[in-house]
Amino acid sequence: MSRPITLFTGQWADLPFEEVCRLASGWGYDGLEIACGGDHFEVDRALSEPDYVAGRHKILEQYGLKTWAISNHLVGQAVCDDPIDERHQNIVPARIWGDGDAE
C-alpha cells in the first residue's frame, strides 16, 4: 500500500476550506493536513457544535479527500512561551490574549 499524499492547508488559510478542498482534489492530493486557522478547522466550534466535525468530513468526502492530521502550528507556538506578548496577539484566540497582560 502506498502512502497517501497530503497537503497542509495553512498556506491557504485566507481561502475558504471548501475552496482549498476543491483545489487539492484537482491537484491530485489524497487528503489534507487541516490547519486550525481561517475557517479550515475551528476547535471552539468542534467542541460546541455537535455536527461541526461531521460537516468537515462531508466536505472532504465531496472532493474525494481524507485527513490524517490536524495542525495547530500557530497557537502551538504559544505553549510554554514566556512572556505572552504582542507577537502572540494575532495567533492566539481573543479569550487567551485577553488584555495582553500575562498576569
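Overview of values
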| quantity | calculated |
| --- | --- |
| Any hit, segment 2-15, residues being open to solvent by 50 Å² or more (accessible area, probe 1.4 Å) and modelled with pLDDT under 90 | yes |
| Test: residue in segment 29-37 that is open to solvent by 30 Å² or more (accessible area, probe 1.4 Å) and touching a helix residue (DSSP H, G or I) at 6+ places or on another chain (Cβ under 6 Å) | yes |
| Some residue of segment 42-56 being in contact with a His (Cβ under 9 Å, 6 or more places away or on another chain), at pLDDT 95 or above and open to solvent by less than 100 Å² (accessible area, probe 1.4 Å) | yes |
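The values are calculated or read from the model by the stated rules, or taken from the named source; none is laboratory data. Just so it is clear, the structure is predicted and the values come from calculations on it, not from any experiment. So basically every Cβ, Gly included, is an ideal-geometry build from the backbone, and we count neighbours across all protein chains shown. Each accessible area value is taken on the protein alone, full model and side chains, heavy atoms only, with ligands, DNA and RNA left out. Shrake-Rupley method; radii C 1.70, N 1.55, O 1.52, S 1.80 Å.
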